[in-house]
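S.K.: The structure follows.
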Amino acid sequence: YINPKAVIAELTALPETVEKVRGLLCDYGRIVRQEPGNRAFACRQVDGRPDKFVVYEVYADQSAFETHLSAPDNAQLNNKLGTLFQGGVQS
């Protein structure tokens, strides 16, 4: 039996960056969903709060999640998003 790893992140974009954030997260979702251990990746904006994003990810197990975290695409996305959110983004 393998224990899946689920992650939910809530992020608030700076008002002037909402469209850019949406595009980056959508593009990134296409990459993540191709990772071998990924089971789901979804990003949604909160109704009535277009600046607030909720990202939902599921990985086959902890190892798959750790592989995802160490992927170059993950570091690149965090570098791009780092200044677009209130409080920034941590790698």
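The values are calculated or read from the model by the stated rules, or taken from the named source; none is laboratory data. Predicted model, so just to flag it, every value in this text is computed and none were measured. Cβ coordinates were reconstructed from backbone atoms using ideal geometry, including for glycine residues, and neighbour counts include every protein chain displayed. These area figures cover heavy atoms from the full protein model, side chains too; ligands, DNA and RNA do not enter into them. Shrake-Rupley method; radii C 1.70, N 1.55, O 1.52, S 1.80 Å.
S.K.: From zero up to wherever the largest Cα-Cα distance of the chain sits, split into 10 Å bins and tell me the percent of pairs in each.
M.R.: Whole-percent P(r) values from 0 Å outward: 17, 50, 27, 5, 0.
S.K.: Let me ask something else. Can you tell me how much longer the chain between ARG39 and ASP61 gets when fully stretched, taken as 0.36 nm per residue apart minus their C-alpha distance, in nm with one decimal?
M.R.: Numbers: separation 22, 0.36 × 22 = 7.92 nm, distance 0.98 nm.
Result for the pair: 6.9 nm of gain on full extension.
S.K.: Quick one: which residues, 5 or more positions from LYS52 or on another chain, have an amide H under 5 Å from its amide H? H modelled 1.01 Å from N in the peptide plane, none for Pro or chain starts.
M.R.: Amide H neighbours of LYS52: ALA13, VAL46.
S.K.: Now for a separate question. Which of GLY29, GLY48, GLY37 moves most in a GNM of the chain, Cα contacts under 10 Å?
M.R.: Maximum fluctuation in the GNM of the chain, among the listed residues, is at GLY48.
S.K.: Calculate the spin-label point distance for ASP47 paired with ASP27, positioning each point 7 Å from the Cα along the beta-carbon direction, and give it in nanometres.
M.R.: Here the answer is 3.1 nm between the modelled labels.
S.K.: So what is the relative contact order for the range 1-60, in percent, with contacts set as C-alpha pairs under 8 Å and at least six apart? List each step's numbers first, then the result.
M.R.: Details: 86 pairs, mean separation 28.8, N = 60.
The value is 48 percent.
S.K.: Just subtract the alpha-carbon distance of ILE8 and THR83 from 0.36 nm times their residue separation and send over the number in nm, one decimal. Spell out each step's value before the answer.
M.R.: Values: separation 75, 0.36 × 75 = 27.00 nm, distance 2.03 nm.
This chain segment gains 25.0 nm when fully extended.
S.K.: At 20 Å minimum axial length over the Cα atoms and a Kyte-Doolittle cut of -0.5, report the qualifying DSSP H helices in the chain, or say none.
M.R.: Details: long enough: 18-32 (21 Å, 0.35).
TM-like helix candidates: 18-32.
S.K.: Same structure, new question: Compute the accessible area per residue over the chain, keeping the other protein chains in place, probe 1.4 Å, unit Å². Spell out each step's value before the answer.
M.R.: Working: 5760 Å² over 91 residues.
Dividing the accessible area of the chain by its residue count gives 63 Å².
S.K.: Here's something else I'd like to know. Using a 1.4 Å probe over the heavy atoms of the protein chains, calculate the carbon and sulfur portion of the accessible area of the chain as a whole percent.
M.R.: On the way: 2980 of 5760 Å².
Ligands and nucleic acids excluded, carbon and sulfur reach 52 percent.
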